[in-house]
Amino acid sequence: MLENSLSSLNESQKEAAQHIDGSLLILAGAGSGKTKTITTRLAYLISIGIDPSSILTLTFTNKAATEMRERAYSMIDTTIVNTPPLLCTFHKFGLLFLKFHMSELGRKNNFIIIDTDDKKRILKSIDKEITTSLLVSEISKYKNTLISPSEAKTAAQLKIYQQIADIYEKYEAYLLKNNLVDFDDLLLLPYKILEKNEELAKQISQKYQYVMVDEYQDTNELQYKLLRKLCLTHNNLCVVGDDDQSIYGWRGATIKNILNFSEHFENTKVVKLENNYRSTNIILNHANQLIEHNRDRLGKKLIGTRKEGDSIKVYESSDENEETRKITDDIKKLIASGESAKDIAILFRVNALSRSLEEGFNKAGLNYKLIGGMKFYERAEIKDLIAYFRILTNTTDNFSLKRVINKPKRGIGKTTIDKLDAKSLELKKPIFNILEDFEPDELAAIVGKKNSRTLKVFMASIMDLRDTMEESKMKFLDTFEDTFDYRASYDNVPDGFDRQANIDEFYGYIRDYFIQNPHLNLEDFLNEIALESEQGELTDQAVSMMSIHSSKGLEYKHLFIIGLEEGFFPIIGDGSDIEEERRLGYVAITRAMDTLTLSFVHSRFYKGKRTSLLKSRFLSESGLIKGSLTIEKTSSYKKGDLVQHKIFGMGRVQKATKAGKDYKLTINFGGTRRDILSSFVEKI
Ligand code: ATP
Ligand code: MG
């Protein structure tokens, strides 16, 4: 089996896949088989007898990890695999690590992972003045560059940065007190632990003798440092990457990690791959033309290996509705011609663009799957349920308790919550314990008699539910509904139907999780979905829609990229980086295998108003539009195509031969054959 896989690689790929000890850098452009090569290497290492559990492969998305595992397994005799190799995202690895070693920081391992939305709420509760998104990104930057709150305070010169550092300190204290961890902590805390405990670092490094990383161009300083720890006792790190696809600069990813790899890890073997196996030549050429406008690049060779292919289509529409109509029409035709929906994707730079697409798809009755962007787990009703379940597993979670204390409504207002908060702070005791431990009279002294009674009833229900959960994971959802009538609270309210559908879907998902994983508990489930919610899954038979960031490493036979307008793609203005935007363009185009359609509109409805737009510079930079005005005639023709001629009407193509930019067509117009140049007809 493996022999076949190895023989399907070219010489350089084979050399890399069979490399065993020592550091290895595979540096190559899009679609050159980097991921395929390290997948084969994983299978190769196992096949020569290396213990699978000593191999760690890190990827950026869950989907990439799953795919890689399936492919590697298909290459080897899996009966010889006792413990499977660990193949996961950096964040998942961090989570697994913390589950075992959180106690090194004096913290319990029943922590809860918070998502971006939670993070914003916490920051808002600490400070209402400074823009939350600024706080989110600045604090994330501090964490990813290992700057502690006190260091941030010392370094802060401007008043605003002193304030941010102060909020950062409070935020960290809040997380600690409620035993919460944010996404950055999933990398930062493992690093801190390994930094503190050299012995443990050695042990972990001994455990993972072979480490591989896909998409290394998007790692940041902290990830690099973590990798150093993992490779403390050996040098067996293999990374693959492409400087032209570095698209997480805004999150602190640094291309320096690739550029300096050979210095960071001694005796590095460097392998370059120069053939692109993914895209047709036409697609590849336009991608190359675009990226050549960047100055700051290593400049690699990428040679096409596939046929010329169909020319790229460019759609010009007056607005987003027309754009959507054209695309849904095309997709219907593709599916009618036998293509599978899962081979089709639509990409956009700005998430908000998905809304009109979704509407259009619903109208057209097309199945779609939105990856990233809209997040199931960020819907209010689902977040409420998650908050309920969190307090069942973690009584110190004030944050979640406050979210559901009045849901469904039980007459507990903000003033009462503030009083409880103050008391919790004063006594250094979670609200949960105050509600549970205080006698009704004592509680009444804080929140009044009526509230005290309500809260005591609420607590009794929660405690009962905890007991039920211990007894039966399956039963507890029913008990939860019987007690709180949460689902029923959406009866007869506007959009209640959708919300109840979401709730049902969520309950179904939990039940299924427990059936599939009988040994796992609610807390495992909560952590699992916290990671999943950042990405969504990609399994259904549906057309995929996603941001370009989410499309990294993926490939689709038929690809549409929408929103090619200045301001939308590239995003222009404060903090945007045109070279990174162009790399995003390169990533987007190189996802396409067979056909590619780009689309721009004259105006979009955005943020409450209709805005006129100019087409993206990327269209001319990639050679798709000459100058800035005319659109290249982009249709290709073949026998059987239907065409429309202004005078002769509708006809069917009998023969098509390329003639310069055009096609020479022989067309049958209702029995009369005529030879006509393609620029005089419209393709239907
Ligand atoms: P990206 O930079 O976008 O992540 P990549 O370098 O990881 O791309 P892969 O996804 O591994 O590239 O491969 C791209 C496509 O080319 C896949 O469909 C893969 O199966 C195919 N491919 C790779 N190597 C070969 C080869 N030697 N012969 C034929 N097909 C190949
Ligand atoms: Mg790849």
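The values are calculated or read from the model by the stated rules, or taken from the named source; none is laboratory data. It should be emphasised that the depicted structure is a prediction, and the values quoted were computed from it without experimental measurement. Cβ: placed from backbone, ideal geometry, glycine included. Neighbour counts: every protein chain shown.
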Residues (under 17 Å from PRO52 (Cα atoms) and assigned to a helix (DSSP H, G or I)) located in the range 204-217: ILE204, SER205, GLN206, LYS207
Selected residue (criterion: farthest from the chain's Cα centre (by Cα)) from residues of the range 85-117 that are hydroxyl-bearing (Ser, Thr, Tyr) and either surrounded by fewer than 19 Cβ atoms within 10 Å (Cβ to Cβ) or over 22 Å from SER205 (Cβ atoms) (or both): SER103
THR415 being outside any helix (DSSP H, G or I) and either under 26 Å from LYS170 (Cα atoms) or modelled with pLDDT of 90 or more (or both): no
Matching residues in the range 511-533 - criterion: being polar (S, T, N, Q) and part of a helix (DSSP H, G or I): GLN516, ASN527
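Okay, residues lined up against (1) within 26 Å of TYR216 (Cβ to Cβ); (2) out of contact with any Pro (no Cβ under 9 Å at 6 or more places or on another chain):
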residue: ARG69; (1), (2): yes, no
residue: ASP77; (1), (2): no, yes
residue: LYS92; (1), (2): yes, yes
residue: LEU96; (1), (2): yes, yes
residue: SER103; (1), (2): no, yes
residue: ASN110; (1), (2): no, yes
residue: ASP118; (1), (2): no, yes
residue: SER140; (1), (2): yes, yes
Checking LEU27 against (1) more than 20 Å from LEU302 (Cα to Cα); (2) touching a residue at least 12 places away in the same chain (Cβ under 8 Å); (3) away from ligand 2 (no atom under 12 Å from the Cβ), the condition it does not meet: (1)
Condition met for TYR606 (in contact with a helix residue (DSSP H, G or I) (Cβ under 9 Å, 6 or more places away or on another chain), in contact (Cβ under 8 Å) with a residue 24 or more places away in the chain and farther than 26 Å from GLY241 by Cβ): yes
Selection within the range 60-75 - out of contact with any Cys (no Cβ under 8 Å at 6 or more places or on another chain), modelled with pLDDT of 85 or more and of a type in the set (A, V, I, L, M): MET68, ALA72, MET75
Which numbered condition ASP77 misses (of (1) within 13 Å of ligand 1 (Cβ to nearest atom); (2) of a type in the set (Asp, Glu); (3) farther than 14 Å from CYS238 by Cα): (1)
Residues of the range 188-214 that turn out to be farther than 20 Å from ILE20 by Cα and under 20 Å from the mean Cα position of the chain (by Cα), as a count: 1
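From the list GLY627, GLY563, GLY640, which residue is under 26 Å from THR280 (Cβ atoms), modelled with pLDDT of 95 or more and either part of a strand (DSSP E or B) or not hydroxyl-bearing (Ser, Thr, Tyr) (or both)?
When all the criteria are applied, what remains is GLY563.
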Test: residue in the range 451-461 that is part of a helix (DSSP H, G or I), touching a residue at least 12 places away in the same chain (Cβ under 8 Å) and over 20 Å from SER400 (Cα atoms): yes
Search result, residues across the range 261-302 that are closer than 17 Å to SER246 by Cβ and loosely packed, with under 14 Cβ neighbours inside 10 Å: ARG295, ASP296, LEU298, GLY299
Enumeration of residues in the range 668-680 that are touching a Lys or Arg at 6+ places or on another chain (Cβ under 9 Å) and modelled with pLDDT of 80 or more: ASN668, PHE669, ASP675, ILE676, LEU677, SER678
Condition check for LYS342: touching a residue at least 24 places away in the same chain (Cβ under 8 Å) and not polar (S, T, N, Q): yes
Check on ASP214, touching a strand residue (DSSP E or B) at 6+ places or on another chain (Cβ under 6 Å), more than 17 Å from PHE100 (Cβ to Cβ) and at pLDDT 95 or above: yes
Residue count, the range 288-329 (criterion: in contact with a Ser or Thr (Cβ under 9 Å, 6 or more places away or on another chain) and either of a type in the set (Phe, Trp, Tyr) or over 17 Å from GLY29 (Cβ atoms) (or both)): 20
Subset of the range 2-57 that is away from ligand 1 (no atom under 16 Å from the Cβ) and hydrophobic (A, V, I, L, M, F, W, C) - its residue that is nearest to VAL81 (Cα to Cα): ILE46
Subset tally (residues that are crowded, with 18+ Cβ neighbours inside 10 Å and near ligand 1 (Cβ under 10 Å from one of its atoms)) for the range 61-74: 3
Options GLU151, GLU129: the member that is surrounded by fewer than 16 Cβ atoms within 10 Å (Cβ to Cβ), among the acidic types (Asp, Glu), over 24 Å from ALA380 (Cβ atoms) and at pLDDT 90 or above: GLU151
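Among the residues of the range 120-132, are any within 23 Å of ASN62 (Cα to Cα) and in a helix (DSSP H, G or I)?
Scanning the range 120-132 turns up no residue that is within 23 Å of ASN62 (Cα to Cα) and in a helix (DSSP H, G or I).
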Residue match in the range 547-564 (condition: away from ligand 1 (no atom under 15 Å from the Cβ) and acidic (Asp, Glu)): no
Per-region count, the range 30-70, residues more than 10 Å from ligand 2 (Cβ to nearest atom) and over 20 Å from PHE93 (Cβ atoms): 6
Of all residues in the range 396-421 being without any contact (Cβ under 8 Å) to a residue 40 or more places away in the chain and of a type in the set (S, T, N, Q), the one that is surrounded by the most Cβ atoms within 10 Å (Cβ to Cβ): THR416
Test: residue in the range 82-102 that is more than 16 Å from ligand 1 (Cβ to nearest atom), farther than 30 Å from ILE529 by Cβ and in a helix (DSSP H, G or I): no
Cβ-Cβ under 9 Å pairs, at least 6 apart or on other chains, the range 209-223 side at negative phi and of a type in the set (A, V, I, L, M, F, W, C), far side in a loop (DSSP other than H, G, I, E, B) and surrounded by fewer than 22 Cβ atoms within 10 Å (Cβ to Cβ): VAL211/CYS231; VAL211/HIS234; LEU222/THR145; LEU222/LEU146; LEU222/ASP184; LEU222/GLY252
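Considering only residues that are under 22 Å from ASP594 (Cβ atoms) and not hydroxyl-bearing (Ser, Thr, Tyr), look in the range 644-661 and name the one that is surrounded by the most Cβ atoms within 10 Å (Cβ to Cβ).
Step one: list which residues in the range 644-661 are under 22 Å from ASP594 (Cβ atoms), which gives 653, 656-658, 661.
Now narrow it down to the ones that are not hydroxyl-bearing (Ser, Thr, Tyr): 653, 656, 658, 661.
Numbers: VAL653: 21, ALA656: 18, LYS658: 12, LYS661: 12.
Out of the qualifying residues, it is VAL653.
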Selection within the range 1-47 - over 24 Å from ASN235 (Cα atoms) and in a loop (DSSP other than H, G, I, E, B): MET1, SER8, LEU9, ASN10, GLY29, ALA30, GLY31, SER32
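Residues are listed down the side, and each one gets a yes or a no for (1) buried (at least 19 other Cβ atoms within 10 Å of the Cβ); (2) in a helix (DSSP H, G or I); (3) more than 16 Å from ligand 1 (Cβ to nearest atom):
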position: ILE147; (1), (2), (3): no, no, yes
position: GLN163; (1), (2), (3): no, yes, yes
position: GLU169; (1), (2), (3): no, yes, yes
position: LEU188; (1), (2), (3): yes, yes, yes
